[in-house]
Structures are given as structure tokens and as C-alpha cells.
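Quick notes on the structure that follows.
Every read-out reported here was derived from the displayed coordinates using simple, explicitly stated rules and does not represent laboratory data. All values derive from a computational prediction rather than experimental measurement. Quick reminder, even Gly has a Cβ in these numbers, built from the backbone with ideal geometry, and neighbours come from all protein chains shown.
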Amino acid sequence: TGSEVRTLTCHIGRVNAVAIAPDGKTAISASIDQTLKIWDTETGTEARTLTGHTDSVNAVAIARDGKTAISASGDYTLKIWDTETGTAVRTLTRHAYLVNAVAIAPDGKTAISASADKTLKIWDTETGTEVRTLTGHTSRVHAVAIAPDGKTAISASIDKTLKIWDTETGTEVRTLTCHTNSVNAVAIAADGLTAISASSETLKIWDTETGTEVRTLTGHTNLVEAVAIAPDGLTAISASSETLKIWDTETGTEVRTLTRQAYLVNAVAIAPDGKTAISASGDNTLKIWDTETGTEVRTLTGHTDWVTAVAIAPDGLTAISASWDNALKIWDLLSGKEIASINGEYRFQCCAIAPDAVTVVAGDSSGRVHFLRLEGMGDLGDV
């Protein structure tokens, strides 16, 4: 029904990130208030508060087994946590500056952190030891992604390069240097064999096994803000200013340009079947697209300010949007109808849907974390 089960209000500062454990029963939120909170998603209760960081907690990741989490903070450290007890197993203190991102390999045994100190670090999550430092970038590292097999990672930097790393040895396999501006986004296909990076007005498709640039995708006339790859790896969608472009990743050809957005496109998501995409825009709307024909199926209206994020449930039937109008909206993708609107007191910054396709977590600019369940609930109200 899209009803809100409860609002969690224990943070006293902005919520920067939230992660849901693979079983969907536990979530962890990270806040500018220097704490993390572990939540029971089934009851909505706060299990415990994790303290110890001395600056904003910027990112959190949960291992596949759900028993270990890693947080990254502006205090230049990472902390490994036992999620069952809420205790800090250890603190990783070897970064020299702000930690921007962290990713955990699928087996949960290895983590990689990316920092403004120009380095990445590989960590053994079981012992908390730094396995090695990855150096080579000449400016801050914006992002890191790990391939599905856990053996390869790709980092993106403001120094205009991507680097492919062997996570088992920590060696730099190669540097990808064809971009002429800061790399803004990178996505890895589900098979791990293809990656797409976005920089300035172009995208590049890469063969991750050889590190070769397969092709450059040109056509955007403004900064590319986001890129997503369909689950089958055959289609990608990029978002830039007022347009989206659908690409055939096998040929690198632009299938079509979607130009009916009236303002900056902030986010794009592709449904699990790859046939539907949703874009979120600064024109206060979302648009549903048929990726096979490139046609706009419909425009979703109702938000009164920038739509900042959109997520599609794993079953592909429901989507949730977050907006600066202090509202979350839940949509039926088959009909395009708004199922519910949930009003808050502050701007919504992010939203995520758990693998169970039922649990939704959203964070707002005040520090609140909101939990909802998309079934069996009554009327919605304010949060």
C-alpha cells in the first residue's frame, strides 16, 4: 500500500548514507552527527548507536553475510563494526585525508576505501589490517566500484583517469587515460566484463579484462551526471542536463535521445527487466521511458521541487522518488499512478529499496531516517 510504518528520528544531524543488509532485516545509517545507527527494519527500532568517529560519517557498507560493516569518516579513518554486537572491532587510521567512498567485495572479506588523499586502501575485513595502499592517482579519488566477481576494482578520480586494480594482489593492472576532464561516474556491468565511465560531455565503454577503450560515446552537449547499465549489459542510459541518451553497449551506437525533460536530469534508474527506465529532474517531474522504443510512456507529476533520487524495486513494479519538496512519492510503474505521497519536514536526499522489494529507507537533510513497508498498511500521513 506504500504506507509509512514509522519515522526514526534519533540522528541529530544530516543522514549522509544508509545501507541495508542482504537479508533486509537490518539497516545502518551514517550521519554528520559523527554516529552510525543500527536499525531493526522489521520493527523500526534502533538496535544501538555506534560512536567513536570524531567527524562526519560519510559512507557505510555492509558485508554480504550481514555481520560486518565498514564506515568511512571525515576524521580520515574507517571503522570495522560487528553488526550483531554493535562494537567497533577496529579502527583503520592510515588515510591522510577525507575518506570519500568504501566498497565491500561480494565475499565480504575485502574492502576498498577511496580518499581525497589520492589513494585507495585494501583492507582485510576479518582482521582489520591494511593489506596495501594503492597509489598512482594524482588527485582525489571520487569513487570506487568492485566487479561482481570481487577480483577487479575500478577507481575514478578528478585527475581525469580511471584505474583498474587486481584486488587479490593490489596491483594496478592499468590506467585508463582517454578522458580529458574529471571522471564523474563509473558503472560495471553485471558480467563484470564491461564498464562505462562518464566525464564532461562524453562516456567511454571499456573492456575490463584488457583495459582497452572499446569506444567513446559522444553526443551530449553538457556534463554527464550519471550512467546506468541494464542487467543484461546490452543497454546503458546516460543523463546530462535536459536529456538522456540510450546506448547499445555492444555497438556503442546511440539508439536515441530522450529530450522531453525541461531541466537538469539528476538521476536515472533502469528496471530489472531492462525495458523500463525512470529519470528524475530538476523540473520537478519524473519520466517513465520505454527503453526498447525510446518513447516517453508518461510524465509523473506531483512534486513541487527538484526530484533528487529515484529507485526501482527489484520486482520492477514499484518506484520511489525523493524530492526537495520534503516528500517521498511511491509510484505504480505499470499504470504510472502515484500510490502515495509521504510528507516530511525537511528535504529528502536519498532513498533505497531493499532486495525484499518491501522495505524502503529514506534519509532527509535533518538527520531523520524513515522506514516504510510497501504492503499491508493503512492510510499514509505526514512523517
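Computed extension length for D273-L317: 14.8 nm, one decimal, from 0.36 nm per residue of separation with the Cα-Cα distance subtracted. Taking square-rooted eigenvalues a ≥ b ≥ c of the alpha carbon gyration tensor, is the chain rounded, prolate or oblate, where a/c under 1.5 means rounded and, failing that, a/b exceeding b/c means prolate? Oblate is the answer for the chain, as a/c is 1.5 or above yet b/c matches or exceeds a/b. Here r is the Cβ-Cβ distance between D149 and T253 and R0 is 25 Å; the resulting FRET efficiency, rounded to 0.05, is 0.35. For the listed residue pairs K67/K109; K204/K287; K121/K204; K25/K151, the alpha carbons are over 21 angstrom apart in K204/K287; K121/K204; K25/K151. Approximating the spin labels as points 7 Å out from Cα along Cα→Cβ, the E213-to-E84 distance works out to 4.9 nm.
Once the Cα-Cα distance is subtracted from the 0.36 nm per residue extended length, the E172 to D23 segment shows a gain of 50.3 nm. Assuming charge only on the beta carbon of Lys and Arg (+1) and of Asp and Glu (-1), the dipole of the chain about its Cα centre is about 780 debye to the nearest 20. With a Förster radius of 51 Å applied to the beta-carbon distance between D40 and K337, the computed FRET efficiency rounds to 0.95. In a shell of Cβ-Cβ distance under 9 Å around A69, excluding A69 itself, what net charge do Lys and Arg (+1) and Asp and Glu (-1) give? Local net charge: +1.
On full extension, the segment bounded by E296 and A190 gains 35.6 nm, given 0.36 nm per residue less the C-alpha separation. With the charge dipole of the chain set up from +1 on Lys and Arg Cβ and -1 on Asp and Glu Cβ about the Cα centre, the Cα lying farthest toward the positive end among the listed residues A198, W289, L234 is that of A198. The D55 and T133 beta-carbon pair, evaluated with R₀ = 22 Å, returns a calculated FRET efficiency of approximately 0.55. Listed values for region 30-39 are Karplus-derived 3J(HN,Hα) couplings in whole Hz (6.51 cos²θ - 1.76 cosθ + 1.60, θ = phi - 60°), namely 10, 9, 5, 7, 6, 10, 10, 10, 9, 10, and x replaces Gly and Pro. Within the shell defined by Cβ-Cβ distances under 10 Å, the residues around T194 carry a net charge of -4, with Lys and Arg each +1 and Asp and Glu each -1. What the phi angles of region 293-304 give under the Karplus curve with 6.51, -1.76 and 1.60, with θ = phi - 60°, is a coupling list of 9, x, 8, 7, 6, 6, 9, 9, 10, x, 5, 10 Hz, glycine and proline written as x. The trypsin sites (Lys or Arg not before Pro) found in region 280-349 that occupy coil by DSSP, while having at most 13 further C-beta atoms within 10 Å, are K337.
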